[in-house]
Amino acid sequence: MSDLSAAHVEAFLEMMSAERGAAVNTLQSYERDLEDATSHLRTLGTGLTAATSDDLRAYLSHLSGQGFKPSSQARRLSALRQFYKFLYAEGMRGDDPTGILDAPKKGRSLPKTLSVDDVSRLIGQAETEAAAGGADHLAKLRMHALIELLYATGMRVSELVSLPASVLQQNGRFLVIRGKGNKDRLVPLSQAAIRAMRSYGEALADEMAREESGNRESPWLFPSSGKQGFLPRQVFARDLKSLAARAGIRVATISPHVLRHAFASHLLANGADLRAVQELLGHSDISTTQIYTHVLEERLHNLVQNHHPLAKQAKKQD
């Protein structure tokens, strides 16, 4: 680092500390990032203070070539933006070379999901254990009901564990779910989910009838003695992993949210419309549901390969 650049970085860090109250860790991070940029710029024959937009673009390209994630590249660029804004504001530079630079695009990670076979094994394990009875029979019936409801509706786990007991009184194959922003949505139930929920509800009623008459009936479908009054989602997540292990499914791949993703992915793979899935998931914006477009793309690819006349002709020639 040239003496002039070093002095400017020091002045920048002092400003961040005195005027903006930046934490020590933040200042250290800025210093490391600026030193790293300076080191590479030196190999290009320039200094940090005098660097051009092309020099900085080359630096970002270097980071990408070194395998830095887009998030790490964006952090380095953010430090450079702050530094050059300071130089411009203080009259040390007449321009901001980062002004025309685009931030590295962060790829949106695909949601984890389960195969149809894995979901079938998981539900089958829960059903078998519920039918076996024995110790903790109510807990086994509850787990079966929870999984059937989650996979049938794609509910958020917070929506699932806080279902009111009144849903047991509903007739028909639809369930009203109160989601984010207290917005209600209607979701269909599978026959398997209805049977599991009713079996659990009957066992729960019997259990409560055997308890002391002084105990009040819980307003929740999945009651708990905890502060909220209903089953904590952490407990459900823990029990779900335990069930997955007994079903021979890798525990690291399973969570309530993964089952929600499986619900959406399997619907789309079997022909469901993206807008319909958006409604079922309770997404207010279609852009949130578009994380599943990879499923649609695969389905469309298979559709063309299997049904387009030219694709069929090519297969015959092979």
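With respect to being open to solvent by 50 Å² or more (accessible area, probe 1.4 Å), of a type outside the set (S, T, N, Q) and modelled with pLDDT of 85 or more, His294 falls outside the description. Only residues that are over 15 Å from Lys85 (Cβ atoms) and in contact with a helix residue (DSSP H, G or I) (Cβ under 7 Å, 6 or more places away or on another chain) were counted in the stretch 1-35, giving 5. State whether one or more residues within the stretch 255-273 are in a loop (DSSP other than H, G, I, E, B), modelled with pLDDT of 90 or more and under 30 Å from Lys140 (Cα atoms). So far as the stretch 255-273 goes, yes, one or more of its residues are in a loop (DSSP other than H, G, I, E, B), modelled with pLDDT of 90 or more and under 30 Å from Lys140 (Cα atoms).
Criterion applied to Arg185, Arg198 was being in contact with an Asp or Glu (Cβ under 7 Å, 6 or more places away or on another chain) and either at pLDDT 90 or above or among the aromatic types (Phe, Trp, Tyr) (or both), and the one residue passing it is Arg185. Counting only helices (runs of 4 or more DSSP H) wholly contained in the stretch 1-116, the ones carrying 3 or more residues that are more than 37 Å from the chain's Cα centre (by Cα) occupy 3-18, 24-43, 70-89. Taken over the stretch 207-252, the criterion of being surrounded by 16 or more Cβ atoms within 10 Å (Cβ to Cβ) and at pLDDT below 90 is satisfied by Ser218 alone.
Being open to solvent by 60 Å² or more (accessible area, probe 1.4 Å), in a loop (DSSP other than H, G, I, E, B) and of a type in the set (A, V, I, L, M, F, W, C) holds for only one residue in Ala131, Ala135, and it is Ala135. Using beta carbons and a limit of 6 Å, which pairs, at least six apart or on different chains, have the first residue in the stretch 170-194 and in contact (Cβ under 8 Å) with a residue 24 or more places away in the chain and the second one open to solvent by 70 Å² or more (accessible area, probe 1.4 Å)? Every condition considered, the pairs that remain are Pro188/Arg173; Pro188/Phe174; Leu189/Arg173.
Leu41 meets all of the listed conditions (1) open to solvent by 50 Å² or more (accessible area, probe 1.4 Å); (2) more than 30 Å from Thr253 (Cα to Cα); (3) of a type in the set (A, V, I, L, M); (4) without any contact (Cβ under 8 Å) to a residue 40 or more places away in the chain but one, namely (1).
The values are calculated or read from the model by the stated rules, or taken from the named source; none is laboratory data. Not measured: the values here are computed from a predicted model. Quick reminder, even Gly has a Cβ in these numbers, built from the backbone with ideal geometry, and neighbours come from all protein chains shown. Note: accessible area is taken over every heavy atom of the protein model, side chains too, but ligands, DNA and RNA are not part of it. Shrake-Rupley method; radii C 1.70, N 1.55, O 1.52, S 1.80 Å.
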